[in-house]
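Peer 1: Structure below; questions to follow.
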Amino acid sequence: MEQTSKVMDIHEQAITDLLAQAEGERVVCVRANVRPIDLAQTMAAMANASGGTILIGVRGRQVEGVADVDAARAMAFDAALACLPPLVLPLPVVVTHNGATLLIVTVPSGLPHVYSVGGTYLRREGSANVPLAPDALRHLLIERGETSWDRMAPPDATLADLDAEKIAAYARRVGPIAEADPLAFLLRRGCLMQRSGTATGKTEFVPTNAGLLLFGVEIERWFPQAEVTLVRYQGREMSDAFLREDIRDTLPETARRAERWLIEHMRRGSRMIGLEREDWTQFPLGAVREALINALAHRDYTIRGDSIRVLLFSDRLECYSPGRLPGHVTLQNLVEERFSRNATLVQALADLGLIERLGYGIDRMLRQMADAGLPPPEFRETTAGFLVTLYGRTGDDRADAGGADVAAWRRMGLNERQIAALLFLAEHQRITNRDMQELAPDVSAETLRRDLVDLVERGLLLRVGDKRGAYYILK
């Protein structure tokens with residue numbers, strides 16, 4: 001708290017409204033002779049919750065006033081300094097109400113630390129200062145960046161729970177500084193920590209949560225919540241017709257597998273611009289990668305029973321990540337501000353070339369969507385998570401409406417002309433050589449004929465009739 005206070009003319013009604021409120025989480029009334037330690041506990045409890053207002057010089061709802069403003073101000077300073085770390089609060093405000101002098105102390109919301117008094121961590125709940133339970137304290141420390149979940153170590157984890165080959169591959173990627181002593185490098189990175197062995201008493205390396213997520217042998221054993229669910233729907237809404245893939249693996253491998261699946265199942269093709277062929281995808285691959293990697297790197301892994309979900313529709317991609325925006329980041333400052341909930345994971349993924357160390361890459365995602373001529377991504381906080389939506393090229397939705405699995409056709413090796421022919425058939429029931437020429441006017445008639453013959457030989461089409469009157473139907 002700063003060293004001077006100021007007198008402020010607060011509207012009488014504002015004081016009346018504060019006094020009329022029942023004492024609770026955000027409003028507390030104390031007498032002028034309150035003990036500094038009690039005031040400190042209330043300040044810390046409010047700071048660890050949602051902040052609030054303390055009126056000094058009130059007993060219950062009866063205004064007694066402050067006889068010695070300087071003494072009350074000094075007591076407020078002492079109480080703020082008794083918190084650990086010391087609370088830095090706005091200047092206390094001296095006000096008058098019905099002829100009595102009061103001192104108002106404001107504890108802002110969103111303070112950056114977790115505060116204790118005499119070794120006890122409190123939180124304001126209702127009208128009481130309540131000690132924080134261990135789990136609640138741990139969550140608050142992580143939430144406010146005082147400690148990081150990814151640097152904590154499960155009690156039973158050992159080096160045997162890590163994959164030596166994955167560690168060696170990581171060290172090779174980083175270079176000589178890591179290859180010289182991989183374990184020492186992982187210690188500096190926060191993927192290992194040192195602990196005294198219970199049996200030997202010697203200091204030994206043990207993996208942190210980050211180390212297990214990055215290099216673990218059995219991810220599901222330690223983190224059943226570390227799962228990515230990928231779903232491809234056949235239209236613009238959820239339906240009973242879908243393809244699904246669940247991935248439970250180390251984060252680097254999960255990122256690679258999920259990206260391959262999304263590329264395989266999103267719409268893509270090519271077109272001729274003049275004499276040049278231009279390949280396109282439903283979404284810019286860089287933007288999809290950013291959304292996926294950011295979800296893996298920044299999700300709240302303390303939330304169990306929920307997973308990252310990536311839903312692919314015919315017009316959009318939705319990427320949901322458990323955990324709301326961390327730290328001081330908001331939807332309004334998302335592009336400019338930087339805060340890593342899992343700094344160790346972010347750094348290791350950056351070492352592997354999967355993410356940039358600084359920032360979420362939101363600005364890159366915006367740029368990539370704009371360069372592709374697509375709408376900017378939409379960002380939304382849900383009750384317990386964060387949702388990114390990318391709107392892509394809508395193309396021809398007949399494949400989705402008709403239940404056609406374009407991805408399966410591509411896996412068979414069909415070219416885009418053949419896929420276009422099958423989509424045409426899904427709507428019109430038959431196709432002719434003339435129809436094929438209208439679908440691909442820049443391609444020779446002989447090439448189009450071979451495309452249709454190939455579909456017949458694959459058992460997908462049946463030719464009906466001969467010569468000019470021939471047409472093809474789905475077999």
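Peer 1: Residues in the stretch 13-37 that are among the β-branched types (Val, Ile, Thr), under 24 Å from residue 118 (Cβ atoms) and surrounded by fewer than 15 Cβ atoms within 10 Å (Cβ to Cβ): how many?
Peer 2: The qualifying residues number 1.
Peer 1: Under 7 Å between Cβ atoms, which residue pairs at least 6 apart in sequence (or on different chains) link something in the stretch 462-475 that is touching a residue at least 12 places away in the same chain (Cβ under 8 Å) with a partner that is of a type in the set (Val, Ile, Thr) and part of a loop (DSSP other than H, G, I, E, B)?
Peer 2: Final answer for the pair search is 471/432.
Peer 1: Any idea which residue in the stretch 181-233 is least open to solvent (accessible area, probe 1.4 Å), counting only those that are touching a strand residue (DSSP E or B) at 6+ places or on another chain (Cβ under 8 Å), aromatic (Phe, Trp, Tyr) and over 25 Å from residue 318 (Cβ atoms)?
Peer 2: 215
Peer 1: In the stretch 121-138, which residues are among the hydroxyl-bearing types (Ser, Thr, Tyr) and open to solvent by less than 60 Å² (accessible area, probe 1.4 Å)?
Peer 2: none
Peer 1: If residue 72 passes every condition in (1) closer than 30 Å to residue 137 by Cα; (2) modelled with pLDDT of 90 or more but one, which one does it miss?
Peer 2: It is condition (1) that residue 72 fails.
Peer 1: Tell me, which residue of the stretch 354-384 that is open to solvent by 50 Å² or more (accessible area, probe 1.4 Å) and closer than 28 Å to residue 215 by Cβ is modelled with the highest pLDDT?
Peer 2: Only one residue tops the list, namely 356.
Peer 1: Tally up the residues in the stretch 257-267 that are surrounded by 16 or more Cβ atoms within 10 Å (Cβ to Cβ), at pLDDT 90 or above and of a type in the set (D, E, K, R), please.
Peer 2: 1
Peer 1: Which residues, taken from the stretch 451-475, are within 13 Å of residue 418 (Cβ to Cβ) and loosely packed, with under 13 Cβ neighbours inside 10 Å?
Peer 2: Within the stretch 451-475, just 457 meets the criteria.
Peer 1: Would you check if residue 67 is among the hydrophobic types (A, V, I, L, M, F, W, C) and either under 29 Å from residue 131 (Cα atoms) or modelled with pLDDT under 90 (or both)?
Peer 2: no
Peer 1: Only residues that are open to solvent by 50 Å² or more (accessible area, probe 1.4 Å) and either in a loop (DSSP other than H, G, I, E, B) or at pLDDT 75 or above (or both): list them for the stretch 385-412, please.
Peer 2: Within the stretch 385-412, 391, 393, 394, 395, 396, 402, 411, 412 meet the criteria.
Peer 1: Any chance the stretch 105-112 includes a residue that's in a helix (DSSP H, G or I), in contact with a Lys or Arg (Cβ under 9 Å, 6 or more places away or on another chain) and open to solvent by less than 70 Å² (accessible area, probe 1.4 Å)?
Peer 2: no
Peer 1: Right, here's the next one. Restricting to the stretch 55-92, what's the tally of residues that are open to solvent by 50 Å² or more (accessible area, probe 1.4 Å) and of a type outside the set (A, V, I, L, M, F, W, C)?
Peer 2: The total comes to 10.
Peer 1: Can you tell which of 80, 100, 133 is modelled with pLDDT of 85 or more and in contact with a strand residue (DSSP E or B) (Cβ under 7 Å, 6 or more places away or on another chain)?
Peer 2: So the residue among 80, 100, 133 that is modelled with pLDDT of 85 or more and in contact with a strand residue (DSSP E or B) (Cβ under 7 Å, 6 or more places away or on another chain) is 100.
Peer 1: Residue by residue through the stretch 417-449, note down the ones that are among the acidic types (Asp, Glu) and either modelled with pLDDT of 85 or more or assigned to a helix (DSSP H, G or I) (or both).
Peer 2: Across the stretch 417-449, the qualifying residues are 427, 435, 438, 446.
Peer 1: A follow-up question, please. Give me the pairs, please: first residue somewhere in the stretch 203-225 and within 13 Å of residue 154 (Cα to Cα) and of a type in the set (Ser, Thr, Tyr), second residue anywhere and open to solvent by 10 Å² or more (accessible area, probe 1.4 Å) and in a loop (DSSP other than H, G, I, E, B), beta-carbon distance under 7 Å, and either six or more positions apart or on two chains.
Peer 2: 208/152; 208/153
Peer 1: Quick check on my filter: what residues within the stretch 336-353 are assigned to a loop (DSSP other than H, G, I, E, B), of a type outside the set (S, T, N, Q) and at pLDDT 75 or above?
Peer 2: 341, 352, 353
Peer 1: Please pick out the residue among 85, 131, 154 that is free of Cβ contacts under 8 Å to residues at least 12 places away in the same chain, in contact with a Phe, Trp or Tyr (Cβ under 8 Å, 6 or more places away or on another chain) and more than 22 Å from residue 32 (Cα to Cα).
Peer 2: Every option except 131 fails the conditions.
The values are calculated or read from the model by the stated rules, or taken from the named source; none is laboratory data. Not measured: the values here are computed from a predicted model. Methodologically, a virtual Cβ is constructed for each residue, glycine included, from the backbone with ideal geometry; neighbour enumeration extends over all protein chains shown. Heads up: the accessible areas ignore ligands, DNA and RNA and are worked out on the full protein's heavy atoms, side chains in. Shrake-Rupley method; radii C 1.70, N 1.55, O 1.52, S 1.80 Å.
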